[in-house]
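Q: Dumping the structure here so I can ask a few things about it.
The values are calculated or read from the model by the stated rules, or taken from the named source; none is laboratory data. All values reported here derive from a predicted model rather than from experimental measurement. Backbone-built Cβ (ideal geometry, glycine too); neighbour counts: all protein chains shown.
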Amino acid sequence: MMAFKYKKDFSDPEEVEPVIKGEDVMEGKEDLQELYERSVEGIEEGEIVRGRVLSVGEDYVIVDIGYKSEGRIPLREFLDEDGRIEVREGDEVDVFLERKEGREGFAILSKAKADRIKMWDTIEEAYRKGGIVRGRVVQRVKGGYTVDLKGVRAFLPGSLAVTRPAERDTISGKTFEFKVIKVDRRRGNIVLSRKALLEERRERLLESLKEGQVVEGIVKNITDYGVFVDLGGIDGLLHVNDISWGRVSHPSRFFAPGERIKAKVLKCDRESGRISLGFKQLKPDPWIGIEERYPPGSKVKGRVTGITDYGLFVEIEDGVEGLVHLSELSWAKRVRHPSHIASVGDHVDVVVLSVSEKERRLSLSLKRARPNPWDLLVERYRKGDVVTGKVSSIADFGIFVELEEGVEGLVHVSDVSWDREIKDLSEIFSVGDEVSAVILNMDRKNERLSLGIKQLEHDPWKDVEERYKPGMVIRGKVTNVTDFGAFVEIEPGLEGLVHISEMRNRRFRSGDEVNVEILNIDPTERKMGLGLRKEG
């Protein structure tokens, strides 16, 4: 068939345009008609011819092959794997001529058969020259897989399909390149090998790789310990420790399957075929020069990246992370857990305590980025001042009162009341109670503060000798009866003991009112001896 663009109306000589350069244009429609008839004489059934698409309909595509009648081809033969139409009006296509005329006057054509014939030619040429073919793995069958090579079915043995057994269940439905290792066109037999192609590429790639080389690949698989990267026929391992100079909670936070990335070859073992990759090595090590950039005492901003029982990890720049120990979180002495101070992602101010480039260690302080409340305390308060705070905790020996964040004072059990013997402080106070107290002592160096509650009231023993003298008879109330006598309160906060030897076989109960005589007074020991007097 000659290479002409044909039209069927020959009333105008210009309707036929020869495309063979250098050939004289013939004049006269008789000559043109003769030329047309000669051009179609060589078209035989069972051959592949080139035609031009005249129209694309809902069911058929009409193709002009230069014969007296057009050909009609089902539209489905022009659909790709996703069902999209691959042809447009005016396109030139190769088709197989089955019959010059069908029942409805159309030439019977097939694009699918033409594609298969051409594909067989391609397959045979690839077999002879050691080339490759591309096809889609259709399904798994006994002993291997069926592969579609653009309409031609081939067999892929399971042993030649993959380089790793774990991949056998992952290749169905995917498109790959293959080597042709056997062809029998007469019997329609084609055997492929993907493994041979992969091993060839693997060898070439291993020979070309050098340590320090930057390569590009596709993320194939992500595990807890790293990322496998397909470098084009061979996998390299990007270990979790080589992903970032900073903390890596999981590789999936940095990469996704199918993502194309660059990495540096750290090690290439050609004997075992193992390749170690590094991603963080694409950037300079941020720990180099760290001591000059962040000397001790410098204040910097950072982001909380991790929380443990013993402190917070704070990143002050990409890849540089330091620890804020539990003791450096807050000026408050009691921190239940670091998570009560900050959360992951929080931006905080910290002070550098120590830094070591060699050990890649950085110690930080959160509390030192703020004023020490004890410095402010000694400026605002003096011994004897009355302060107010909240009970933060209760112990057997006293209660702790928080005056402000980081500053707590102790109210010893002996400084709670002048006159009450307190056995259980929790019966009087609860955590969160607001209380007032007097500052008894301030120890700035050791950050200790002693408080007293009873000191808010007058001490009845302070001037007891001025108000009471031996021999005075006073009426009081029995507060406690013991084996050795009875305690009698003569005024709030002031009581004395009637010894059993002075009770004269009388029996008392708490709450009884009695007349007593002051026998002796000892303000230093805060003791008073009493004797009974007859009720009159």
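Q: Restricting to region 492-507, count the residues that are surrounded by 11 or more Cβ atoms within 10 Å (Cβ to Cβ) and at pLDDT 85 or above.
A: 8
Q: Restricting to region 140-180, what's the tally of residues that are outside any loop (DSSP other than H, G, I, E, B) and either closer than 22 Å to Phe228 by Cα or without any contact (Cβ under 8 Å) to a residue 40 or more places away in the chain (or both)?
A: Residues that pass the stated criteria total 21.
Q: If you don't mind, there's one more thing I want to ask. Quick check on my filter: what residues within region 130-157 are loosely packed, with under 15 Cβ neighbours inside 10 Å, within 40 Å of the chain's Cα centre (by Cα) and farther than 20 Å from Trp120 by Cβ?
A: Gln139
Q: Only one of Phe155, Phe228, Phe176 is within 18 Å of Gly258 (Cβ to Cβ), at pLDDT 90 or above and not assigned by TED's automatic domain parsing to the domain that holds Phe255; which?
A: Phe176
Q: Is it the case that region 341-351 has a residue that's polar (S, T, N, Q) and surrounded by 13 or more Cβ atoms within 10 Å (Cβ to Cβ)?
A: No, region 341-351 contains no residue that is polar (S, T, N, Q) and surrounded by 13 or more Cβ atoms within 10 Å (Cβ to Cβ).
Q: A follow-up question, please. Of all the residues that make up region 471-488, how many are surrounded by 10 or more Cβ atoms within 10 Å (Cβ to Cβ), under 15 Å from Leu532 (Cβ atoms) and not hydrophobic (A, V, I, L, M, F, W, C)?
A: Qualifying residue count, region 471-488: 4.
Q: Assess whether Arg50 counts as being at pLDDT 85 or above and either exposed (fewer than 14 other Cβ atoms within 10 Å of the Cβ) or not in a strand (DSSP E or B) (or both).
A: no
Q: Any chance region 376-399 includes a residue that's under 24 Å from Pro492 (Cβ atoms), surrounded by 17 or more Cβ atoms within 10 Å (Cβ to Cβ), modelled with pLDDT of 85 or more and not assigned by TED's automatic domain parsing to the domain that holds Pro338?
A: yes
Q: Pull up region 250-303, narrow it to residues that are of a type in the set (Gly, Ala, Ser) and either in a strand (DSSP E or B) or farther than 30 Å from Glu199 by Cβ (or both), then point me to the one that is nearest to the chain's Cα centre (by Cα).
A: By that ranking, first place goes to Ser252.
Q: It is to be established whether one or more residues within region 404-411 are surrounded by fewer than 14 Cβ atoms within 10 Å (Cβ to Cβ), under 14 Å from Gly452 (Cβ atoms) and either at pLDDT below 90 or of a type outside the set (S, T, N, Q) (or both).
A: Taking every residue of region 404-411 in turn, none turns out to be surrounded by fewer than 14 Cβ atoms within 10 Å (Cβ to Cβ), under 14 Å from Gly452 (Cβ atoms) and either at pLDDT below 90 or of a type outside the set (S, T, N, Q) (or both).
Q: Sticking with this structure for a sec: Scan region 277-304 and report the pairs whose first residue is without any contact (Cβ under 8 Å) to a residue 60 or more places away in the chain and under 21 Å from Gly236 (Cβ atoms) and whose second residue is of a type outside the set (Lys, Arg) and not in a loop (DSSP other than H, G, I, E, B), with Cβ atoms within less than 6 Å and a gap of 6+ or a chain change.
A: Gly278/Asp242; Gly278/Leu266; Phe279/Leu238; Phe279/Ala263; Lys280/Asp242
Yes or no, residue by residue, for (1) under 30 Å from Asp375 (Cα atoms); (2) among the hydrophobic types (A, V, I, L, M, F, W, C):
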{"position": "Glu447", "(1), (2)": "yes, no"}
{"position": "Ser450", "(1), (2)": "yes, no"}
{"position": "Asn480", "(1), (2)": "no, no"}
{"position": "Asp483", "(1), (2)": "no, no"}
{"position": "Leu494", "(1), (2)": "no, yes"}
{"position": "Arg507", "(1), (2)": "no, no"}
{"position": "Asn520", "(1), (2)": "no, no"}
{"position": "Met528", "(1), (2)": "no, yes"}
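Q: Of all the residues that make up region 142-162, how many are over 30 Å from Phe78 (Cβ atoms) and not hydroxyl-bearing (Ser, Thr, Tyr)?
A: Matching residues across region 142-162 total 8.
Q: For region 342-421, which strands (runs of 3 or more DSSP E) that fit wholly inside it have 1 or more residues that are within 23 Å of Gly246 (Cβ to Cβ)?
A: Where strands (runs of 3 or more DSSP E) fall fully within region 342-421 and carry at least 1 residues being within 23 Å of Gly246 (Cβ to Cβ), they are 347-356, 361-365.
Q: In region 72-116, which residues are surrounded by fewer than 18 Cβ atoms within 10 Å (Cβ to Cβ) and assigned to a helix (DSSP H, G or I)?
A: Leu75, Arg76, Ala112, Lys113, Arg116, listed by residue number.
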